[in-house]
1. Filter the trypsin sites (Lys or Arg not before Pro) in the range 91-156 to those in DSSP coil with at most 15 other Cβ atoms within 10 Å of their Cβ, and list the result.
2. For the range 80-155, what are Rg and Dmax over the alpha carbons, in angstrom?
3. For the range 47-58, just list the computed ³J(HN,Hα) in residue order, Karplus coefficients 6.51, -1.76 and 1.60, θ = phi - 60°, integers in Hz, with x standing in for Gly and Pro.
4. So what is log10(I(q)/I(0)) for the range 17-72 at q = 0.17, 0.21 1/Å, when the Debye sum runs over its Cα atoms only?
5. Just to check I understand the Karplus step: with θ = phi - 60° and J = 6.51 cos²θ - 1.76 cosθ + 1.60, what whole-Hz values come out for the range 93-109, glycine and proline as x?
6. For the pair GLU39 and ARG107, what calculated FRET efficiency results from E = 1/(1 + (r/R0)^6), where r is the Cβ-Cβ distance and R0 = 30 Å, to the nearest 0.05?
7. Percent of Cα-Cα pairs per 5 Å bin, from 0 to the last occupied bin, for the range 10-156, please list those.
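Please treat every number below as a calculation from the coordinates, not as lab data. Everything quoted here is computed from the prediction, not taken from an experiment. Please note: Cβ atoms are built from the backbone with ideal geometry, for glycine as well, and neighbour counts cover all protein chains shown.
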Amino acid sequence: MTECCGPAPGAPRGRPACTGCATAGAPVDLSTVKALLVEPALARLNTAVFYFCADTKCPVVYFAADGQRFLTSDVRARVWQKEPPGDRAICYCFGENERDIRAEIARDGASGAVNRVREHIAAHRCACEIRNPRGACCLGDVAEAVKRVLGETRLS
Ligand SMILES: [Zn+2]
């Protein structure tokens, strides 16, 4: 595995509570926040240590200890953690998504999504830090999405 799955270098320890929902946030690199914000949002950013809120019901995507916060409407990409399940793009670099995973499982009984992402990681193609709003590797998220879809398939 490569450095792309480790914590961001220089990221502070500790997980402060989201100012929108009190869920613990995950540190995210400032370059990720800058890359993901729409222009008017970026234009009011002040340099700070930002955290990502993954809570499904909370509209806050990024928050900082100084009170700054950016919502889903301030972010260029659709943040899958904040969207209803079913059709979400989980991998921001290569587009692995719930719809294709479901179709693949229906057709083949399994999904190759995790292996495809692994190959991209091995070839150093990932750009998670500027494409994924969470600023981190999506491999674990894709693996969980495959498990979720397999679970749905078994229930139906
Ligand atoms: Zn929140």
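1. Details: sites: ARG99, ARG102, ARG107, ARG116, ARG118, ARG125, ARG131, ARG134, LYS147, ARG148, ARG154; in loops: ARG125, ARG134.
Here the trypsin sites (Lys or Arg not before Pro) that fit, given the DSSP loop and packing criteria, are ARG125.
2. 12.1, 37
3. Whole-Hz 3J(HN,Hα) from phi for the range 47-58: 4, 7, 8, 9, 10, 9, 9, 9, 5, 4, 8, 8.
4. Values, matching the q order: -0.45, -0.69.
5. Values, residue by residue: 8, 10, x, 4, 9, 4, 5, 5, 4, 5, 5, 5, 5, 5, 7, 10, x Hz.
6. 0.15
7. For the range 10-156, the binned pair fractions read 2, 10, 18, 20, 18, 14, 10, 6, 2, 1 percent.
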